[in-house]
Amino acid sequence: DLYAYLKQEQMVFPITRSSIKHILPLQFDDAFICRATVTEARYKIAMDFEIRRADSGELCTRGRGEQVAVKLPDMALEFEIPPEITLALGF
């Protein structure tokens, strides 16, 4: 499985960039739906996401995040996402 692969390869994917637009607040007990779409998975993993209230579908938050592949224990930056990961993400 993918988790076993990452553990064996000692690979992590730290967040390197994120941007968030807060549109409507959520309250403490609000149910919500978060949808994320991977938009790139070659040199970095980039995904767009949105959070909506579950009951009304109102858009609360929209954003984008980027992650890179890093090899442990040296924290060596990988310049491409490994093929096993890109395949698992549908690329």
Å³ per residue of the Cα convex hull, for the chain? 126 Å³
Counting sequence-distant residues (5 or more places) and residues on other chains, those with an amide H built under 5 Å from that of Phe32 are Ala54
Roughly how big is the chain's charge dipole about its Cα centre, with Cβ charges of +1 (Lys, Arg) and -1 (Asp, Glu), in debye to the nearest 20? 240 debye
Spacing of the two label points (7 Å from each Cα toward its C-beta) at Glu78 and Cys34, in nm: 2.3 nm
What does the extension gain come out to for Val70 and Tyr3, with contour length at 0.36 nm per residue minus their alpha carbon separation? 22.6 nm
Of all accessible heavy-atom area on the chain, the percent that carbon and sulfur account for (1.4 Å): 56 percent
Could you put Phe32, Phe79, Phe49 in order of accessible surface area, largest first, with the 1.4 Å probe and the full protein assembly present? Phe79, Phe32, Phe49
Can you compute the helix-only [θ] at 222 nm over the chain? Use -39500 (n - 2.57) per DSSP H run of at least 4 residues, normalise by all residues, nearest 500 deg cm²/dmol. -4000 deg cm²/dmol
Those lysines that a straight Cα-Cα span of less than 22 Å connects to Lys7, excepting residues fewer than 8 apart in one chain: Lys44, Lys71
If you keep only loop residues by DSSP, which GluC sites (Glu not before Pro) in segment 18-78 have at most 13 other Cβ atoms within 10 Å of their Cβ? Glu58
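The values are calculated or read from the model by the stated rules, or taken from the named source; none is laboratory data. The model shown is predicted, which means the values in this text are computed figures rather than measured ones. Ideal geometry is used to build each Cβ from the backbone, glycine not excepted, and the neighbour counts take in all protein chains shown. Areas reflect the complete protein model, heavy atoms only, side chains present, ligands, DNA and RNA absent. Shrake-Rupley method; radii C 1.70, N 1.55, O 1.52, S 1.80 Å.
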